[in-house]
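**Student:** Structure below; questions to follow.
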Amino acid sequence: MATLSSTASFCNILLSFFSVTILIGLRAEARAFFVFGDSLVDSGNNNYLATTARADSPPYGIDYPTHRPTGRFSNGLNIPDIISESIGQSESPLPYLSPELTGPKLLVGANFASAGVGILSDTGAQFVNIIRISQQLSYFQQYQRRVSALIGAEEAQRLVNEALVLITLGGNDFVNNYYLVPFSARSRQFTLPDYVRYLISEYRKILSRLYELGARRVLVTGTGPLGCVPAELAMRSRNGECAPELQQAAALFNPQLTEMLLSLNSQLGSDVFIAANTQLMNSDFIRDPQAFGFITSKVACCGQGLYNGLGLCTQLSNLCPNRDVYAFWDPFHPSERANRFIVRQIMTGSSAYMTPMNLSTIIALDSRI
C-alpha cells in the first residue's frame with residue numbers, strides 16, 4: 001500500500017512533467033526573440049538602473065497601448081515591438097531586468113538592450129550606470145541557465161538556436177563618444193577612418209561571441225543617417241542641412257559593417273548575420289517626408305529649441321498634437337510610425353535594404369527546416 005509521502009512525490013513528478021510539457025508547447029508556438037543594443041531597441045531595462053539615460057516619464061509612451069511611459073524611447077511601440085508583431089509573437093520580449101520575466105514569459109525571449117551603450121565600453125560613460133554590451137552578453141548566458149532549469153538544457157539550446165536575434169549598436173559610439181565634445185579622447189586617439197575600422201573590429205568580436213552563445217539568426221542594424229536627427233541639426237547644421245561630419249561617419253561605418261557581416265558568414269559557412277541598411281531606410285523618409293505622410297523630418301515632435309532638438313523630451317517640452325506626421329519623436333529617436341516603415345523594409349525590403357535576405361525570406365527558409 002502506497003504511503004502518503006510516496007503518493008505526494010509521484011504527484012509532484014507528474015506535475016513537473018506536465019509543466020515542462022506545457023512550457024515546451026508554449027515555446028513551439030512562435031520562435032523566441034532576443035534583443036541587444038541601445039536606446040533604439042531598449043524596452044525598459046534602464047528603468048531599473050540609476051542612470052540619466054531613461055524614458056520612464058511622460059510624454060514618453062503617450063501612444064503606447066497603456067498611454068504610459070514604459071522606458072521605450074518612443075511615443076509608442078519601438079522596433080522590437082513591431083518585429084514581434086510581424087513574426088507572430090503574442091507579446092514583445094520583456095526587459096531582462098523586469099521582475100515579470102519569469103516562467104513561460106522567459107520562453108518568449110528577452111530584451112537585454114540598454115540606452116546609451118555602444119560597441120566600445122567607454123561609450124556612454126556620461127550616463128554612468130548602463131548595461132554595456134559585455135554585460136548584456138553575460139545576462140544572455142544567465143538567461144540560458146534560467147531557461148535550462150525550466151525546460152532542460154537540450155530544449156533551452158534548441159530555443160536559443162532557433163530564435164531570432166536583433167542587435168543595434170554603433171550610433172552612440174559616434175554621437176556619445178567620438179563627437180560628444182570637441183577634441184574628445186577618441187578623436188585625439190583616432191582619425192575617423194581609423195576609428196571606424198577599430199569599431200568594426202570590436203563589433204566582430206561581439207558578434208562572434210553572440211554566435212558562440214548559440215545565436216544562429218541575427219539581424220544587425222547599421223546606424224541611421226546620424227547627421228540628420230533633430231539633435232544634430234540643432235547643434236551642428238548649416239541652414240537645416242544634415243551635419244556633414246556625422247554623415248561621413250555613417251557613410252564609412254555602414255558599408256564596412258555589411259562587409260564584415262558577409263565575411264563572418266563566409267567564415268561560418270552559413271547566413272547567420274543579416275545586415276539591415278537602416279541608414280537607407282531612415283534616409284528614405286528623411287529625404288522625402290511627404291511621400292511617407294510626414295509633414296517634417298527635421299523637427300522632433302517632443303523637445304525644445306531649434307528643431308525641437310535641444311535638451312530632453314519632458315512634460316515641459318513642446319509636444320506635437322499628432323505624432324503620426326512627425327518622422328522623429330524626440331531629438332534622437334524615430335516616431336512609432338517611422339519605426340513601422342523601418343520594420344516593413346526589414347520584413348520585405350530588397351537587397352538594397354537587407355543583405356543577404358530580408359526577414360520574410362528567413363522565416364520562409366527556417367519553416368522548411
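**Student:** I need the full set of residues from region 352-369 which are assigned to a helix (DSSP H, G or I), in contact (Cβ under 8 Å) with a residue 12 or more places away in the chain and open to solvent by 10 Å² or more (accessible area, probe 1.4 Å), in order please.
**Tutor:** Ser360, Ile363, Asp366 - these are the residues of region 352-369 that are assigned to a helix (DSSP H, G or I), in contact (Cβ under 8 Å) with a residue 12 or more places away in the chain and open to solvent by 10 Å² or more (accessible area, probe 1.4 Å).
**Student:** Which condition from (1) in a helix (DSSP H, G or I); (2) under 15 Å from Leu166 (Cβ atoms) is the one that Arg209 breaks?
**Tutor:** (2)
**Student:** Continuing with this model, one more query. Here is a list of conditions, (1) open to solvent by 10 Å² or more (accessible area, probe 1.4 Å); (2) at negative phi, and Thr223 meets all of them except one; can you say which number that is?
**Tutor:** (1)
**Student:** Taking region 99-118 as the search range and keeping residues that are open to solvent by less than 10 Å² (accessible area, probe 1.4 Å) and part of a loop (DSSP other than H, G, I, E, B), which one is farthest from Thr51 (Cα to Cα)?
**Tutor:** Leu101
**Student:** Another question, then. If you scan region 235-267, which residues turn out to be aliphatic (A, V, I, L, M) and farther than 24 Å from Met347 by Cα?
**Tutor:** If the condition is that a residue be aliphatic (A, V, I, L, M) and farther than 24 Å from Met347 by Cα, then Met235, Ala243, Leu246, Ala249, Leu252 are the ones that fit.
Rundown of residues vs (1) more than 15 Å from the chain's Cα centre (by Cα); (2) farther than 27 Å from Ile346 by Cα, yes/no style:
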residue	(1), (2)
Ser90	yes, no
Pro104	yes, yes
Ser114	no, no
Asp122	yes, yes
Ile131	no, no
Ser138	yes, yes
Tyr143	yes, no
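**Student:** Here is a list: Gly349, Gly305, Gly293, Gly309. Which entry is open to solvent by less than 20 Å² (accessible area, probe 1.4 Å), modelled with pLDDT of 95 or more and over 21 Å from the mean Cα position of the chain (by Cα)?
**Tutor:** Result of the check over Gly349, Gly305, Gly293, Gly309: Gly309.
**Student:** Out of region 237-255, which residues are open to solvent by less than 10 Å² (accessible area, probe 1.4 Å) and of a type in the set (A, V, I, L, M, F, W, C)?
**Tutor:** Pass one, region 237-255, residues open to solvent by less than 10 Å² (accessible area, probe 1.4 Å): 240, 243, 246, 249-250, 253.
Selection gives Ala243, Leu246, Ala249, Ala250, Phe253.
**Student:** Kindly evaluate Tyr96 against the criterion of being surrounded by 22 or more Cβ atoms within 10 Å (Cβ to Cβ), touching a Pro at 6+ places or on another chain (Cβ under 7 Å) and not small (Gly, Ala, Ser).
**Tutor:** So Tyr96 fails the test.
**Student:** Kindly list the number of the only condition in (1) within 18 Å of the chain's Cα centre (by Cα); (2) more than 28 Å from Ser360 (Cβ to Cβ); (3) basic (Lys, Arg) that fails for Arg238.
**Tutor:** Answer for Arg238: the failing condition is (1).
**Student:** All but one of (1) open to solvent by 20 Å² or more (accessible area, probe 1.4 Å); (2) over 25 Å from Pro58 (Cα atoms) hold for Phe332, so report the exception by its number.
**Tutor:** Failed condition: (2).
**Student:** Looking only at residues that are among the polar types (S, T, N, Q) and without any contact (Cβ under 8 Å) to a residue 12 or more places away in the chain in region 136-166, which one is most open to solvent (accessible area, probe 1.4 Å)?
**Tutor:** Filtering region 136-166 for residues that are among the polar types (S, T, N, Q) and without any contact (Cβ under 8 Å) to a residue 12 or more places away in the chain, the one most open to solvent (accessible area, probe 1.4 Å) comes out as Gln142.
The values are calculated or read from the model by the stated rules, or taken from the named source; none is laboratory data. Keep in mind that this is a model prediction, so the values were computed, not measured. Every residue, glycine among them, receives a Cβ derived from its backbone with ideal geometry; neighbour counts consider all protein chains shown. Remember, those area values only see protein heavy atoms, side chains included, never the ligands or the DNA or RNA. Shrake-Rupley method; radii C 1.70, N 1.55, O 1.52, S 1.80 Å.
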